[in-house]
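These notes are about the structure you will find just below.
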Amino acid sequence: MNNLFFFMLVYVDLILSTAQAIVKLPNNVTIPGVFMFGDSIVDTGNNNNLTTLVKSNFPPYGRDFMGGLPTGRFGNGKVPSDLIVEDLGIKELLPAYLDPCLQAEDLPTGVNFASGGAGFDPLTSKLMLVIPLLEQLQLLKEYIEKLKKYVGEERASSIISNSLFVVAAGSDDIVNTYYHTPARFWKYDIYAYTDLMLTEASAFVQKLYALGARRIGVISVPPVGCIPAQRTLGGGSERKCVERYNEAAELFNRSYRQSGLP
């Protein structure tokens, strides 16, 4: 794993109304494509045809998007996946891999495998009836075979090894699975649970590496206790941030940084 390519992703402001993406790369480095894995923070529509409540393909979602139409993105407009590819100058939007309108010409510059409601903990995706990270990995394998047929094996290998692979997960593990599921809350204290998350995250990164990915980034879990829904449900009459959720997120982030993984 020593050959992994390290860089910084700073991509979203949860307080300001206008999100921005900034991708900092070393000089003389180009990125041919971006591949996204994870949850609703980066999902661009993979849940649209799933039998799950975790969907966003209806108003008011998408009201600031092109044409004001909901697309399955969990936001008013573009999500971090789109902002990253736009900032890199690759394309304007990162399409969902399961979008029935996906075109072959979209494949070389990257696609999105993320599924809103997914997490590092396998139980999280089961509870939400969404696409688990390991199944997202299977979709990547399927994608690679399609890419080989479209551009040839040599170019496909180059695209995979030079593209950016981004993982954004963990929020649903903490908010939905740990604090609202007895199967986890009573079995683990928060230290043991974030260790479980770290183990799963590490295994996922290593599987990406085994498939040829060399430029991998894992996005930190945001302060989930300040999400409007959590402030409403657990913040009392003043709708304050739920600090134990934020502390859990920071505990995972700190453990991940100390692990030496990308």
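The values are calculated or read from the model by the stated rules, or taken from the named source; none is laboratory data. From a predicted model like this one, the values you see are computed outputs, not experimental measurements. Using ideal geometry, Cβ is built from the backbone for each residue, glycine included, and neighbour counts are taken over all protein chains shown.
What the table shows:
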{"read-out": "Some residue of the range 82-96 being under 19 Å from Val130 (Cβ atoms), surrounded by 18 or more Cβ atoms within 10 Å (Cβ to Cβ), in contact with a Pro (Cβ under 6 Å, 6 or more places away or on another chain) and not hydroxyl-bearing (Ser, Thr, Tyr)", "value": "no"}
{"read-out": "Failed criterion for Thr51 (all others in (1) of a type in the set (S, T, N, Q); (2) without any contact (Cβ under 8 Å) to a residue 12 or more places away in the chain; (3) closer than 28 Å to Leu196 by Cβ hold)", "value": "(2)"}
{"read-out": "Any hit, the range 60-73, residues being surrounded by 15 or more Cβ atoms within 10 Å (Cβ to Cβ), of a type in the set (Ser, Thr, Tyr), over 26 Å from Met197 (Cα atoms) and without any contact (Cβ under 8 Å) to a residue 24 or more places away in the chain", "value": "yes"}
{"read-out": "Meets criteria (assigned to a helix (DSSP H, G or I) and without any contact (Cβ under 8 Å) to a residue 40 or more places away in the chain) for Ala156", "value": "yes"}
{"read-out": "Of all residues making up the range 159-202, the number that are over 22 Å from Val224 (Cβ atoms) and in contact with a helix residue (DSSP H, G or I) (Cβ under 9 Å, 6 or more places away or on another chain)", "value": "5"}
{"read-out": "Residue check for Pro228: surrounded by 19 or more Cβ atoms within 10 Å (Cβ to Cβ) and either of a type in the set (S, T, N, Q) or farther than 22 Å from Pro132 by Cβ (or both)", "value": "no"}
{"read-out": "Hits in the range 101-129 (condition: part of a loop (DSSP other than H, G, I, E, B), under 19 Å from Asn49 (Cβ atoms) and either under 13 Å from the mean Cα position of the chain (by Cα) or without any contact (Cβ under 8 Å) to a residue 40 or more places away in the chain (or both))", "value": "Cys101, Leu102, Gln103, Val111, Phe113, Ala114, Ser115, Gly116, Gly117, Ala118"}
{"read-out": "Test: Ile216 is in contact with a Leu (Cβ under 8 Å, 6 or more places away or on another chain), within 18 Å of Leu133 (Cα to Cα), in contact (Cβ under 8 Å) with a residue 40 or more places away in the chain and crowded, with 21+ Cβ neighbours inside 10 Å", "value": "yes"}
{"read-out": "Number of the condition not met by Leu9 [criteria: (1) surrounded by 16 or more Cβ atoms within 10 Å (Cβ to Cβ); (2) within 30 Å of Leu127 (Cβ to Cβ); (3) modelled with pLDDT of 90 or more; (4) among the hydrophobic types (A, V, I, L, M, F, W, C)]", "value": "(3)"}
{"read-out": "Sole exception among (1) farther than 19 Å from Ile227 by Cα; (2) without any contact (Cβ under 8 Å) to a residue 24 or more places away in the chain; (3) surrounded by fewer than 16 Cβ atoms within 10 Å (Cβ to Cβ); (4) more than 19 Å from the chain's Cα centre (by Cα) for Glu135, by number", "value": "(4)"}
{"read-out": "Ala201 being of a type in the set (Gly, Ala, Ser) and modelled with pLDDT under 95", "value": "no"}
{"read-out": "The range 174-192, subset under 20 Å from Gln258 (Cα atoms) and touching a residue at least 60 places away in the same chain (Cβ under 8 Å), residue surrounded by the most Cβ atoms within 10 Å (Cβ to Cβ)", "value": "Ile174"}
{"read-out": "Filter result (polar (S, T, N, Q) and surrounded by 17 or more Cβ atoms within 10 Å (Cβ to Cβ)) within the range 101-126", "value": "Thr109, Asn112, Ser115, Thr124, Ser125"}
